[in-house]
Amino acid sequence: MKAPVSWLKEYVDINEPLHEVAHRLTMAGTEVGSIDQIGAEWGPVVVGHVQAVNPHPDADRLRLVTVEYGGEDGPAEVVCGAPNVAVGQNIAYAGIGAMLNDPYRGGATKLKRSKIRGVVSNGMVCSEKELGISDEHEGILVLPDDASVGTPLMDYLGDAIFDLELTPNRPDCLGVLGVARELAAIGGTAIREPDISYPEDGPPVDSLATIRIDDPDLCARYTATVLQNLTLGPSPEWLVKRLAAQGQASISNVVDVTNYVMFEYGQPLHAFDLDAVENHAIVVRRSYAGEQLTTLDGVQRELAPDTLVIADPEKSIGLAGVMGGANSEISDSTVNVLLESATFNGTNNRITARKLGMKTEATLRFEKGLRPGLSEVALRRATKLILEVAGGTAAQGILDAYPEKDDAVVTLTDEKLLKVMGVEYPEMQVIATLEGLGMEVERVGSSYEVRPPYWRPDIAIPEDVCEEISRIVGYDEVPMTTLSGRVPTWEPSLERDLREKVRASLANHGLQEIISYPTESDSAMTAVGAPTEYSPLRLENPMAQDQPYMRTTIRASVFRAAARNARTWRGAIALFEVGAAYLYSGEGLPEERQMVVGAFNGPRDNDSWVSDTGASDFYDAKGAVEAVLEDLGIEGGFEVTDDPAFAPGRCAAITVNGKSVGVVGEATRAVLEAVDCDRTPLAAFEIDLSALGEAIGESNAPRAYQPFTRYPSSVRDLALLVDTGVSAGAIRDVIAKNRLSQQIDVVDVYSGKGVPVGKKSLAVRVHYQSDTKTLTAKEIEKAEAAILKILGQELGAELRS
Amino acid sequence: MSSGTESSGADTANSPLSVEEIKVAALAALTVAGSEAVLDEWRVSYLGRKSDLTNVLRSISSLPADDRKAVGASANLLRASLEEALAEKTQELRGAAGSVADALDVTLPGRRRRRGGLHPTTQTIRELTDAFGAMGFQVAEGPEVEWERYNFDALNIPAEHPARDSWDTFWLESPDGEGRSDMLLRTHTSPMQARIMEKADPPIRVVIPGRCFRYEATDATHEWHFFQLEGLAVDKGITFADMKGTLFEFARRIFGPDRKVRFRVDFFPFVEPGAEMAIDCFKCNGQGCSLCKGTGWIEIMGAGMVHPSVLRNVGYDPEVYTGFAFGMGVERIAMLRHGIDDVRQFAAGDLRFLSQF
């Protein structure tokens, strides 16, 4: 909504600097997004008078125009291409150095002295577009005859416009008068109400037309009047200018007034050609099944059920509150007009507008729900203005169908005001503030009975009145207190706690967290092995057409991020994401199962003289999982498994307390291709946090302290030769069963030269220790021998010589 | 120290060196000392408890009264000058450390583990929840795919309410067939207000971080996918003044103890009165700069007193209970604090961005 300051000043005095006024409006809820200054940059642009127009010697379409503009050196001769320039006109003359809009390329440019087809042009005669007033560039701007030559155009045409960003509860501020009322209330000044009185010289209105509301649920009030013997024609300049500032083109004097009053009061109106209305009888009703109407824009429209129409006894003649019908349109030959100002149901109006794809200035206002009281005032205002600009006579009285009178009263108790705001407002201040907003206030005991004015549809409950008082007095005046009173009892949040611990652990372990969009393509999810038992939910209006699904796996997002970074990041790539897989099981909302996926690609560490820059692989991914489990204080296991995303033989299930909680592996070629990764391997893990939470269960208690033995430990290395198929885990398990072995570390794995084919060499370091005594060499040898014996029997391991 | 040790010190004073002799020997030895270890030995020999100089000083009492003063003075003078010489020598040796054969190149990078990190959104959420946690607010979370009823209706935004235009919505297709379902991607974290109050009785003091979605074109300051932090406090006797005070305290914790806050009127259908909170610009202290676009103020969040309809919808009596709610964009806070100029970086997964935090 644009509120020109020149227009606001018609209703309210504005004496403060504009930025200060804008600030106060903004603080009170009517946000001024920007102040557009028209004319501030023009520079030397003045009112000029065309003394002579002569042909250009070298160009048929150009003319030489002599402009008197009050300059010391006499009139200027300029070259002008506008078809409408004529001797005797007052025009906008731009001298050298003026800042004008380039009508073709846009943007401001400084006017220079130039030669046009061999003739020097000393300045320019401007179009509205060049001045930035409108988009009009067909011809030059012609100023009224009384414009004083030599006056800076800024003084004559300049203005400032508040560009407002309104909230949907304030349709009153969709009229300039509403904004003026805000200014008056904030400033504590008076408002100059527009004149709505006019001579009622015509016959009684009910002898000229009738109205009937058939569906009062959709039309709370319908007011109308009849104007006769009008002279249709162009609008006066002031009217054209005001509409132009709203981006509204001038149509004809009568139609322009209806639009003007809409921009003034926020009440849309419509003018019908009375002679096109059968029997001069208006019916407000729902459309019939299959009914069609051709609207003013020439489009024939199918009317859905529950569409409210304005009709005569034979046909519909308008889409109520949206657009008039072509069959009753005001034309050049119109002499008698039925002027409508009605209150249509906001919700219904909005549905109709949406179904027909017709957001208009009218629906923008009606959809917010207008008060019935507004319609009559706007009708009278428009009648007065039509008489002014189109002559004719107005009927006596108005037609007014108003089935149920709207008389909203809101009761605000002192207690409520204090309870909501936490501050006591003196009675005098409350009453003065509310009255300044146009409300009627009555003090009844310890309450205020408040009648909101007809232009305010948003005051319905005591809290609304609290806001009105506090916003006009100022939110700054409300003190700041800290919360006292009860603090809620603590509720555990195990899932969140677990998730945040895992996050921290992975970050500490050198992985960078990422956050991805949770939408995905079907093909990517299939490629990375999304769970097949859930069909993904699809968005009706996806942001990216190729990713319309809510992801059922977060693998693809993380893998893609790793692949992308491989092309831009020089160092190690170790990423993880925590996010929901949206698993829809046929009813209710989808389960949002929290998943963690990590991915490694490329060098293990950044280049450095001490760093390990080998390519990260399965064991990097596994190490991250081990670190997480260790940080959580739980033991995990790894078992060979299959997963469609991971290469066979390079994939393990993560188990906790015997339950699978995730997977770790190296991605298959197909996955690498699907996520556009050109560096192998892509090692990754996935942890299902809800499965992990369940597997941990009660064991998530704080770690229990383990007393440590005071006796020394002895270290022995075993160099074992085993078949390649024997796992380190199996060897470890055997050694761990011996009660003297306290710590077992695999310190080397080797196959190749010196080791028979089909075998591998494992170096295992075992720490022997007792809780009760210092072990003797003999006892350790005995334990080692026992271990070797079982290793030989169960796993075919032999000591490497 | 036992007196026995003292007397044994006196025994060694049988053949005392003169102060001058001690000086010559000590300085000669100091000149050739080549390491700090040697210096330490030198200190013990010449300044230590059993050194000749100490013996001289101890034996003063046994000297003739006439000599005492002169010997004492010269011995103390020597002590001071030897200590000074030692300090100088120590300094000299340390300064020359680079030339030591086993010296390290201290400019080589140290051994360290690869650095990981939390996403700036996660970090910001943690700081925000901590700030409110200190004021007794607990953390709750809720579904990202939400019912229309919670996202809109329960918040006093019925179907076809013009305010719905403020929340361009991603709708889910009906899983069973054609058309739109009544599931959507939540446009804000506010549906959790209703969910929490449905489940729990007052007092409520909770913050809710979470992912939100708006169907709108993206640019440097608009993203269709973002995080919010919602807050809700409901009980008997909670006022607009409490809201101001609480959010002021929050602003100080996050943006610095000297911050000022400003509340202006704003409209959200689920609060009344409604407000928007701004802080004075922490970059220019309210003078006006590029960060605050010359206004001196930076908008931080929407807030307001919980609308009585919202309370009624969840079965709370608005005549008994009042409360306030607020909501802020997490990325916006992070962008302000870190000077990030493009919100699209947050979901880009780019290490060049993420590794900076």
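The values are calculated or read from the model by the stated rules, or taken from the named source; none is laboratory data. As the structure is a prediction and not an experimental result, all values here were calculated from the model. In this analysis, Cβ positions are derived from the backbone assuming ideal geometry, glycine residues included, and neighbour counts consider all displayed protein chains. These area figures cover heavy atoms from the full protein model, side chains too; ligands, DNA and RNA do not enter into them. Shrake-Rupley method; radii C 1.70, N 1.55, O 1.52, S 1.80 Å.
If I ask for residues that are closer than 27 Å to residue A:370 by Cβ and either more than 7 Å from chain B (Cβ to nearest Cβ) or free of Cβ contacts under 8 Å to residues at least 24 places away in the same chain (or both), which ones from segment A:464-476 would you list?
Within segment A:464-476, A:465, A:467, A:468, A:469, A:472 qualify.
Go through segment B:298-323 and report how many residues are more than 11 Å from every other protein chain (Cβ to nearest Cβ) and aromatic (Phe, Trp, Tyr).
1
Take segment A:453-463 and flag every residue that is within 9 Å of chain B (Cβ to nearest Cβ) and out of contact with any strand residue (DSSP E or B) (no Cβ under 6 Å at 6 or more places or on another chain).
A:458, A:461 - these are the residues of segment A:453-463 that are within 9 Å of chain B (Cβ to nearest Cβ) and out of contact with any strand residue (DSSP E or B) (no Cβ under 6 Å at 6 or more places or on another chain).
Of the numbered conditions (1) at pLDDT 95 or above; (2) open to solvent by 40 Å² or more (accessible area, probe 1.4 Å), residue A:618 satisfies every one except a single condition; which is it?
Just one mismatch for residue A:618, condition (2).
Can you name the residue in segment B:170-180 that is more than 8 Å from chain A (Cβ to nearest Cβ) and in contact with a strand residue (DSSP E or B) (Cβ under 8 Å, 6 or more places away or on another chain) and is also least open to solvent (accessible area, probe 1.4 Å) among such residues?
The extreme case among them is B:174.
Return yes or no: is residue A:266 under 37 Å from the mean Cα position of the chain (by Cα) and open to solvent by 20 Å² or more (accessible area, probe 1.4 Å)?
no
Of (1) in a strand (DSSP E or B); (2) within 19 Å of residue B:343 (Cα to Cα); (3) facing chain A (nearest Cβ under 8 Å), residue B:212 satisfies all except one. Which?
All conditions are met except number (3).
Just to verify a result, which residue in segment A:583-602, among those that are charged (D, E, K, R) and more than 8 Å from chain B (Cβ to nearest Cβ), is nearest to residue B:355 (Cα to Cα)? Let's see the steps before the verdict.
Taking segment A:583-602 as the starting set, the residues that turn out to be charged (D, E, K, R) are A:587, A:591-593.
Pick out the ones that are also more than 8 Å from chain B (Cβ to nearest Cβ) and you get A:587, A:591, A:593.
Numbers: A:587: 41, A:591: 32, A:593: 27 Å.
Ranking the qualifying residues of segment A:583-602, first place goes to A:593.
Give the residue that is nearest to residue A:623 (Cα to Cα), with candidates limited to residues of segment A:477-506 that are facing another protein chain (nearest Cβ under 7 Å) and in contact (Cβ under 8 Å) with a residue 60 or more places away in the chain.
It comes out as A:506.
Collect the residues in segment A:507-543 that are open to solvent by 20 Å² or more (accessible area, probe 1.4 Å), within 7 Å of another protein chain (Cβ to nearest Cβ) and free of Cβ contacts under 8 Å to residues at least 60 places away in the same chain, keeping them in residue-number order.
A:517, A:538, A:540, A:541, A:543
With the requirement that a residue be acidic (Asp, Glu), in contact (Cβ under 8 Å) with a residue 12 or more places away in the chain and within 11 Å of another protein chain (Cβ to nearest Cβ), what does segment B:324-357 give you? Quick ask: steps written out before the conclusion?
Step one: filter segment B:324-357 for residues acidic (Asp, Glu), giving B:331, B:341-342, B:350.
Going one step further and asking which of them are in contact (Cβ under 8 Å) with a residue 12 or more places away in the chain, we end up with B:331, B:341-342.
Once the filter is applied, which keeps residues that are acidic (Asp, Glu), in contact (Cβ under 8 Å) with a residue 12 or more places away in the chain and within 11 Å of another protein chain (Cβ to nearest Cβ), segment B:324-357 yields only B:331.
Take segment A:752-787 and flag every residue that is part of a loop (DSSP other than H, G, I, E, B) and either surrounded by fewer than 15 Cβ atoms within 10 Å (Cβ to Cβ) or touching a Gly at 6+ places or on another chain (Cβ under 7 Å) (or both). Give the derivation first.
Keep residues of segment A:752-787 that are part of a loop (DSSP other than H, G, I, E, B), which gives A:752-758, A:769-776.
Hits for segment A:752-787 are A:752, A:753, A:754, A:755, A:756, A:757, A:758, A:771, A:772, A:773, A:774, A:776.
Consider residue B:115 against the criteria (1) in contact with a strand residue (DSSP E or B) (Cβ under 9 Å, 6 or more places away or on another chain); (2) outside any loop (DSSP other than H, G, I, E, B); (3) closer than 21 Å to residue A:512 by Cα: it satisfies all of them except one. Which criterion is unmet?
Only one criterion in (1) in contact with a strand residue (DSSP E or B) (Cβ under 9 Å, 6 or more places away or on another chain); (2) outside any loop (DSSP other than H, G, I, E, B); (3) closer than 21 Å to residue A:512 by Cα is unmet by residue B:115, namely (2).
Let's see how each residue does on (1) of a type in the set (Val, Ile, Thr); (2) within 38 Å of the chain's Cα centre (by Cα); (3) within 14 Å of another protein chain (Cβ to nearest Cβ):
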position	(1), (2), (3)
A:387	no, no, no
A:398	yes, no, no
A:415	no, yes, yes
A:419	no, yes, yes
A:434	no, yes, no
A:439	no, yes, no
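Restricting the search to segment B:106-123, which residues are touching a Phe, Trp or Tyr at 6+ places or on another chain (Cβ under 8 Å) and either surrounded by fewer than 18 Cβ atoms within 10 Å (Cβ to Cβ) or more than 8 Å from chain A (Cβ to nearest Cβ) (or both)?
Scanning segment B:106-123 gives B:108, B:109, B:120, B:123.
Return yes or no: is residue A:36 within 30 Å of residue B:299 (Cα to Cα) and at pLDDT below 90?
Yes: the conditions hold for residue A:36.
Go through segment A:385-396 and count every residue that is closer than 22 Å to residue A:283 by Cβ and either outside the structural domain of residue A:344 (by TED's automatic domain parsing) or surrounded by fewer than 17 Cβ atoms within 10 Å (Cβ to Cβ) (or both).
Total satisfying the criteria: 0.
Would you mind telling me which numbered condition in (1) farther than 20 Å from residue B:187 by Cα; (2) modelled with pLDDT of 95 or more; (3) within 10 Å of another protein chain (Cβ to nearest Cβ) residue A:554 fails?
Status for residue A:554: all satisfied but (3).
Any residue at all in segment A:306-320 that's within 30 Å of residue A:193 (Cα to Cα) and out of contact with any Pro (no Cβ under 8 Å at 6 or more places or on another chain)?
Among the residues of segment A:306-320, at least one is within 30 Å of residue A:193 (Cα to Cα) and out of contact with any Pro (no Cβ under 8 Å at 6 or more places or on another chain), which makes the answer yes.
Check off (1) within 31 Å of the chain's Cα centre (by Cα); (2) open to solvent by less than 40 Å² (accessible area, probe 1.4 Å); (3) more than 7 Å from chain B (Cβ to nearest Cβ) for residue A:560 and give me the number that stays unchecked.
Tallying (1) within 31 Å of the chain's Cα centre (by Cα); (2) open to solvent by less than 40 Å² (accessible area, probe 1.4 Å); (3) more than 7 Å from chain B (Cβ to nearest Cβ), residue A:560 fails exactly one: (2).
Is there any pair with a first residue in segment B:157-169 that is more than 8 Å from chain A (Cβ to nearest Cβ) and a second that is part of a helix (DSSP H, G or I) whose Cβ atoms are under 7 Å apart and which are 6 or more apart or on different chains, and what are they?
B:157/B:163; B:157/B:164
For residue A:570, state whether it is closer than 19 Å to residue A:515 by Cα and either at pLDDT 95 or above or at the interface with chain B (Cβ under 10 Å from one of its Cβ atoms) (or both).
Values: closer than 19 Å to residue A:515 by Cα: no; either at pLDDT 95 or above or at the interface with chain B (Cβ under 10 Å from one of its Cβ atoms) (or both): yes.
Spelling it out, it is not the case that residue A:570 is closer than 19 Å to residue A:515 by Cα and either at pLDDT 95 or above or at the interface with chain B (Cβ under 10 Å from one of its Cβ atoms) (or both).
Which of the following residues is at pLDDT 95 or above, more than 10 Å from chain A (Cβ to nearest Cβ) and surrounded by 18 or more Cβ atoms within 10 Å (Cβ to Cβ): B:198, B:148?
Numbers: B:198 fails: surrounded by 18 or more Cβ atoms within 10 Å (Cβ to Cβ).
That would be B:148, the only listed residue that is at pLDDT 95 or above, more than 10 Å from chain A (Cβ to nearest Cβ) and surrounded by 18 or more Cβ atoms within 10 Å (Cβ to Cβ).
For residue A:580, work out the one condition from (1) facing chain B (nearest Cβ under 8 Å); (2) under 26 Å from the mean Cα position of the chain (by Cα); (3) at pLDDT below 95 it doesn't fulfil.
Only one criterion is unmet by residue A:580, namely (3).
Within segment A:121-139, track down each residue that is modelled with pLDDT of 90 or more and of a type in the set (A, V, I, L, M, F, W, C).
A:124, A:125, A:126
Report whether or not residue B:102 is assigned to a loop (DSSP other than H, G, I, E, B) and either of a type in the set (Asp, Glu) or open to solvent by less than 50 Å² (accessible area, probe 1.4 Å) (or both).
yes
With the structure loaded, tell me whether residue A:486 is among the basic types (Lys, Arg) and in a loop (DSSP other than H, G, I, E, B) or whether it fails that test.
Yes: the conditions hold for residue A:486.
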